[in-house]
Amino acid sequence: MNSRNAIEALTLQNQRLTGMLRGIDNGLWWATDSAAKMDADRILVQAEIIRAALDETSVIAARISG
């Protein structure tokens with residue numbers, strides 16, 4: 001994999017996440033998990049995984065850009 005492919009891969013995942021967030025009631029949230037038919041705890045676990053991945057990607061990007 002080269003740097004162009006890596007950046008394209010990050011861009012694709014960013015587009016997927018952005019689309020998903022926009023699709024959740026156009027950004028409006030329900031008052032309760034059951035009304036929204038979602039598991040907020042599972043979403044929070046995934047948000048933590050995304051945070052950790054972004055932290056690592058930031059470190060790598062900082063090394064590349066000097």
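A few points about this structure:
- Selection within region 1-19 - part of a helix (DSSP H, G or I) and open to solvent by 80 Å² or more (accessible area, probe 1.4 Å): 3, 4, 7, 8, 10, 12, 13, 14, 15, 16
- Hits in region 39-66 - residues which are exposed (fewer than 10 other Cβ atoms within 10 Å of the Cβ) and outside any helix (DSSP H, G or I): 66
The values are calculated or read from the model by the stated rules, or taken from the named source; none is laboratory data. Being a predicted model, the structure only gives us computed values, none of them experimental. Backbone-built Cβ (ideal geometry, glycine too); neighbour counts: all protein chains shown. For accessibility, only protein heavy atoms count, side chains too; no ligands or nucleic acids. Shrake-Rupley method; radii C 1.70, N 1.55, O 1.52, S 1.80 Å.
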